[in-house]
1. Quick one: net charge of ARG297's neighbours, Cβ under 13 Å, K/R +1, D/E -1?
2. If you roll a 1.4 Å probe over segment 315-375 with all protein chains in place, what percent of the accessible area is carbon or sulfur?
3. Assign unit charges at the C-beta atoms only (+1 for Lys and Arg, -1 for Asp and Glu), then state the dipole size of segment 273-403 relative to its Cα centre in Debye, rounded to the nearest 20.
4. Please report, to two decimal places, log10 I(q)/I(0) for segment 273-424 at q = 0.12, 0.13, 0.16, 0.21 Å⁻¹ as given by the Debye formula with identical point scatterers on the Cα atoms and no solvent.
5. May I ask for the net charge around GLU242, where only other residues with Cβ less than 9 Å from the Cβ of GLU242 are counted and Lys, Arg are +1 while Asp, Glu are -1?
6. Counting only protein heavy atoms and a 1.4 Å probe, tell me what percentage of segment 184-257's accessible area is made up of carbon and sulfur.
7. Taking segment 39-90, which trypsin sites (Lys or Arg not before Pro) meet the DSSP loop condition and have no more than 16 other C-beta atoms within 10 Å?
Amino acid sequence: MIRKFISRVLGRKLPGIQGEPTVIPASKHGMRREQISSGSRRTVETLQQHGYKAFVVGGAVRDILAGIPPKDFDVATDATPEQVRQCFRRARLIGRRFQIVHVMMGSETIEVTTFRGHHGDADQRAGNRAQTDEHGRVLRDNVFGSQQEDAARRDFTVNALYYDPTSETIIDYHHGVADLKQKTLRMIGDPKTRYREDPVRMLRAVRLAAKLGLVIDPAASRPIREMGELIENVPPSRLFDEMLKLLTSGHAVKCVQQLRAEGLHHGLLPLLDVILEQPLGERFVMLALESTDRRVREGKPISPGFLFATLLWHEVLAKWEGLKAGGERPTPALFQAMDDVLDVQGEKLAITRRVAGDIKDIWALQPRFEQRSGKRPYAMLEQPRFKAGYDFLLLRAESGEIDAGVGQWWTDFLNADGEARAAMLLPPPAGEAKKRRRRKRKPNGAPAAD
Ligand code: ATP
Ligand code: MG
């Protein structure tokens, strides 16, 4: 206990200089080599046969120990990227500044990273701060280092575990195995410094705690409230990737609740600020996230377009209502509202053009679900985005935004056969029937014979 305490204190004060790692045998940690993918195992073994150190590292080890199937497998090694490449027939170098290697093993792609080190100390002493921005955010992270240094630059103790399938041991520099057992998410080093270096770690803390059922250590959760605004300095594309990971983690509801509890949604995700304060919006977003969580857990695919369409919908509704109240016709008003919302939020969230296209398709279908006469419902079924639009409609109905009858009508229409479908059609609205008749007149004004 005391040793552990001292090493932790020393570890914080002298990053990278603390003692030897704990080498944990299989009998203690219980992880078996069969639990890692064959591709990652072969990658590690090949590197070791060439005389290099190599381990499965990071999220995969953590997830297996926590009883969760890992998403992917990363390998860390002391071989340089070029040396790694030479060990494999199918491997390619990725990235310019900090190269990693993608090793292809059957259908698997294993990401192999060379141990990274610190570069701060000497540069800071020399007054060279070019590698961080004015808030302390690290802009470059491209120096090779020892395994010990590599462990120290990872974010949480549970993420700094190195698994060697050959000996079935885990190399643990920061008591990650013990923390995982105690259900604690603990930052390596001083949390404030680590958040300053990379504010995305605040989001990672929330996501990993929700995913693994861990409690964020108070030392790591306390600074989040006051440092949350640093997230504004993170490039939008990175924020988008991280938010997407969070929202598609299968624990989105828990994550959003935790984001709020930590005070992180203010300014960070302006759309959550707005939505959660609207009377119908919160229920709608929560229903959408619950359904996303369910889909992820059932292994079904998730569309980012659908997700962001739900998150931003009540903003669109508010704008749409405003424009209609100002005298704009409904359809142009909707398109105007969609563009306005995507212009503002799309930029902040770096929503890609393709995703923005999907979002608009889903929104644009919504008023068309109201039209349930003539040929229109049949044409709707042919729309490429019909299913997404329909799922979206059901959420709107469930949240109480629209009459539940509309959603039910479409469900029944989908399930009905030809005749029953035709019988379900509503009579055309009065104004529309007149318009049709007028269009059928011949140029000389005589009514067309039917
Ligand atoms: P998941 O794969 O479930 O999203 P992960 O922890 O594996 O979670 P990755 O982005 O795959 O996340 O990162 C792999 C490893 O790289 C992490 O386990 C951690 O050791 C390290 N890492 C990732 N992001 C950071 C960061 N922002 N700061 C420090 N270390 C990081
Ligand atoms: Mg990972």
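The values are calculated or read from the model by the stated rules, or taken from the named source; none is laboratory data. Predicted, not measured: the structure shown is a model, and the values here were computed from it. Cβ atoms come from the backbone with ideal geometry, glycine included; neighbour counts cover every protein chain shown. With ligands, DNA and RNA removed, areas are computed over all heavy atoms of the protein, side chains included. Shrake-Rupley method; radii C 1.70, N 1.55, O 1.52, S 1.80 Å.
1. Details: positive: LYS211, LYS254, ARG294, ARG295, LYS300; negative: GLU290, ASP293, GLU298.
So the surrounding residues net to +2.
2. Looking at segment 315-375 in its full context, I get 50 percent from C and S.
3. In total the dipole reaches around 620 debye.
4. -0.53, -0.62, -0.94, -1.51
5. +3
6. The C+S portion of the solvent-accessible surface of segment 184-257 is 47 percent.
7. Passing both the DSSP loop test and the Cβ count: LYS71, ARG89, ARG90.
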